[in-house]
Structures are given as structure tokens and as C-alpha cells.
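Take a look at the structure set out below.
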Amino acid sequence: MCKSYKPGKLLRSARYLSCIMAILILMLLCYFPAAGLTDLDWRLGSSKYSQGSVSDEAAFHGSNCADLSVDNKGTTVRARIYLDEPMAIEDIDRMSMWVNPGAGNGKVQIEFYMDGDESGAYESKDPQDARIRSISRSWSDLGFSHGQWNELDGFDLEFEKYGNKNFPHGGLEDFKEWLKGHEVLHIYITLYKDSKAPVTSAFIDYIRIGDEIISFEPLEEEDVKYGPKSAAAGGKITYTITYGNNDFQPVDIVVRENYDPKTVFIESQPAPDPGSNNRWTIPAVAPGKHGQIKIVMKTVKPAAKADIEGTVSGIGLSSTRGMLSTEFERYIITNSVQILAGNRSYSASLDTAIKPIVGSTLAYGEHGSGTYRAEEELDYRSSSISADRSVSASQSPCTLNLSHRSIALDESWSADVRAENDYRDLGWMDRYHEASWINLSYKTKLGKSLSYLETSAQVNGTADRMAAWQGGFIDQRLIGNFSMDGKAEWRFASKRKSLTMDENALDCGMEIGEGRLNSGKCQGF
């Protein structure tokens, strides 16, 4: 029975499985994003008759603020606040912002959109969801002074439930109790135009919801720690750390990195504290000021280098096995950061998937009873494998002595060599079995640009020779007393980006004594 060995299919199946695992890992990494300095996101509305933009004219905290204005034909302009993670209304202990009125006597209103059925969304027609809004108040009603920053505390406002006139009015503390269990998804801040003025405008800054703050700074929405989701083994990775001061006075900020043991620090900008490679102290950071640290790391590439020479001989039962491989599986590195900024602290962790190294594998071994001698020279590098082995074995009976009895053994000889170059999607295997004697020598090299196998064998038994590469395969079986010489060589032409085979790649000729050739094939040459 002739068996076909097509390592390319096995290699591709393994590769498909690796791709599926990579997708699952990336999905998990995307599902757990790195934390930002704030869990609030914002959008400033604009239309034909209204404008919302970031301004550096009159900031309260930092260098920027929101500038909202409505012209004579407009009615409203809005700032929309989105929560990265829903917040239970009963957990909101602060809701405030700073307002600097400009033109007109505008009115301001705050609206909360809430999910009441854990659907993750607000639906206006869902009776379990809720929308509450404050009774709009003008600058004069609130006692705000034009051209000055005034704090507006949401807990000082009166609220109503939108669309339900029978629901009682109350403050935020009341609604925290009445709507307990609801989760806030987003908040709208609306500026209504003063009908008696041609233009209504105001600056808004330092919006605070619980412990989260928006001050409209350019780095505010950046992740505390940012880096690639995947990287090559032995390659460089650049991490970006973002810090900021959300207090009202200058503070010293301390950044401390925790590196994965499979990474090595290369450099950073700015440089770390003297005597350290993972700590940065930024003194007297002004209120609202943000900055970044860029860190270059290098992943540890699995590497090995060995030259092995050896000889073994003897009489009796022999069984040897050896394997060399330049392939390495995918692994995950985790780097984390802690930031102390005055009374505030931030932390973030980032997982990076290190891509697998696709390489080569060489496996060999012999088994039988009688006389045995083997010599070998092995050369192993991180990207290539070379082997030069010779084996001589002859079958004869031997005795295995145990404590209470002896067992007579008379086993035929088997020898095999299997080589796979996953990088070039090729492989071959020579197997000799049911043999009374074997004289075998082979040289092989597995590399990115050159792979070859030279074999010389004299066997009394059965031999299977199988190989597969891009564009062809062979499958041979020989039975009897025979001699066989073979050579296969693959070269990769980098300029043509293709794999080619030497014209004399395989000598299929063989001297057959008392044997026969079963289902011999030479295809693809």
C-alpha cells in the first residue's frame, strides 16, 4: 500500500489554526482597551446658525475650553458628553462645570440619557429607559457675571423627567433615588439663545462627572498607555505614555513602568530619572497641562546556537531519538504603567501579541536489536539547521535481563529522518523499516534561502521516500535488498520572490538487487 505524505497540507493546517488563534487574541485585545486619562468623550455641535469649537482665548483649566455660540437665526448649540463605560446614576456624586458667559443672556440646560433595562442603549420608546433634564436657567437667574468664570453645580438645579408630566420635579439627589439602577450613557449640555440678543455665546470648561474630567485639552482623550497590538519577535515596540494634571495647582507627576520580562528597554524621550530605566519625574506640571513619554522596547527573540558532534556504538537493543526546531509559538507580553499626579492616580496595562516564528524542524531516530553505530554533526542556529549523520545497523538477537527473568529480543531495524521548512512550505521524510541491516548517511540543511537533502542508503528491508514542495511531490516505496542515492535541493530567489528547484534536484535512479519498486512517482520536476 503506497501512502502519500504531503507536509504542505499539514503545515498549512497548522498555519490556519495559528491565524484563528491570532484573530481571537486580537479580538480579546480590542475588547479590553487601555484606559484613558478620562472615561468621558465629547462632541461639540455645529450647524448653519450655531457653532461649537475648542478655543484657547479664555481657558479656565489648562490652555483650552469649549466655545459655544448661536447667531440671530439659530436657537440652540450643544455639547455632547459620552461615557466610555455606563455609570449608575446613584454613583454620581459630582456634576459640575465652569461657565464664562459672553454675549446675550442665554439659558443652559443639562440632560441625562439613561438605560434602565441593561440593553446598553437609550430608547425613547422604551418605558424602562429614562431621560431627565434640568429646568433651563439663564445667566441672570443663576447670578453669573459676564466675562468671568462661574461654577455651575448640577446638584443645585431642578430636574424633570422628559415626556412624563406626572413625574415629580426634583434635584439630582432625588432622581438618584427615584431612578436607582439606571445607568447614565450620555449627557447633553445645551445653550439656548437669548431671543433679545443678536448673538448668544459662552465658554465652558472643566466639566466634572464623578471623578472624570473634561477640560478640552488635545491629549486628554489619549490612552494612558498606547502601543501596538502585535509585534515581531526580536523587533522594536514603541509605547506612548500620556499624563496630565487635573488638579487646580501645580503637581509633581511620577510615571513608573512595569516591563514584561521578555522585553528590554532601549531608549525613551524624555530620558528616565538618573539610575533608572522605568521611572520619570516631571516636576511642577501646571493645572490642565498634559504631556507624553515615548518608550522604545525590544522583544526578546528566542535564539540558540550549538555545534554538536558525537559517536555512539554498541550491541543490544538500541533506540535513539533527536529533534531540532527553529520554530517558536506565539506569546503575549504585558507592560503596565502607574501614574501619580498629585492626589490622583492612573494605571493602564497593554497586551501585545508576539508573532510566531515560522522556521524549520528536523527529527530523526533509529530502533532495533543487534549492532549499532552512529556518527553525527549537528549545527543549530536561530534561523537554520544543518545535520550530517551516518548510521550502520545489523539485526541480531539480544537478551534483556530483568530482576526475575530474561527476555529474548530480535527486532528488525527502523530508521527515519523528517525535515520540514514551514518558512518555505516544503518538507520531506525518508523512512526505513523491517530491515535486517541498514547503512545510511545523509546531509541536510534547512534555511530561508537554501534547503537540501542528500541521502545514500543500502538497505535490506523497506524504504519510503516522500517529499512535497510548492509545485510538486514524490511518493516512493522500495522493498528488498537495494541501494539508493538521492538529492533534493530548493533555492529561494529573492529577486523573483519564488521558490525554484535545481534541475538535478532528485536522482530517482536506483540499483535494485532482489527488490521491487512500488508505486514510484516523480512529479512536478
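Bear in mind that the values in this text are calculations on the coordinates, not laboratory data. Just so we're clear, the structure is a prediction, and the values are computed from it rather than from any experiment. Cβ: placed from backbone, ideal geometry, glycine included. Neighbour counts: every protein chain shown.
Some notes on this structure:
- Over region 40-214 - Rg/Rh using Cα atoms and the Kirkwood inverse-distance radius: 0.96
- Close amide H partners of residue 285, meaning residues 5 or more places away or on another chain with modelled amide H under 5 Å apart, are 251, 252, 253.
- Rounded to 0.05, the FRET efficiency of the residue 119 and residue 323 pair, given R0 = 45 Å and the Cβ-Cβ distance, is 0.25.
- Estimated FRET transfer efficiency (residue 411, residue 334; beta-carbon r; R0 45 Å; 0.05): 0.35
- Each residue in 280, 428 was given a count of other beta-carbon atoms within 10 angstrom of its own, and listing them fewest first yields 280, 428.
- All distinct Cα pairs of region 281-353 go into the 1/r average, and the inverse of that average, the Kirkwood radius, is 19.0 Å.
- Where labels lie 7 Å past Cα in the beta-carbon direction, separation of residue 140 and residue 301 in nm: 7.5
- Pair residue 43, residue 487: separation of 7 Å Cα→Cβ label points (nm): 7.0
- Between residue 448 and residue 71, the contour length at 0.36 nm per residue exceeds the alpha carbon distance by 128.9 nm.
- Stokes-Einstein diffusion coefficient of the chain, Kirkwood radius over Cα pairs, 25 °C, 0.890 mPa s, in µm²/s: 82
- Counting only DSSP H runs of at least 4 residues, each contributing -39500 (n - 2.57), and dividing by the residue count of the chain, the helix-based mean residue ellipticity at 222 nm comes to -2000 deg cm²/dmol.
- Potential extension, residue 441-residue 128 segment - 0.36 nm per residue separation minus Cα distance: 104.7 nm
- Residue exposure sequence - 199, 70, 312 - by fewest surrounding Cβ within 10 Å: 312, 199, 70
- Residue-count net charge about residue 198 - beta-carbon cut-off 14 Å; Lys, Arg +1, Asp, Glu -1: +1
- The C-alpha atoms of the chain define a longest principal axis, and helix 7-31 lies at about 20 degrees to it.
- Taking the fewest neighbouring Cβ atoms within 10 Å as the starting point, the ordered list for 490, 437 is 437, 490.
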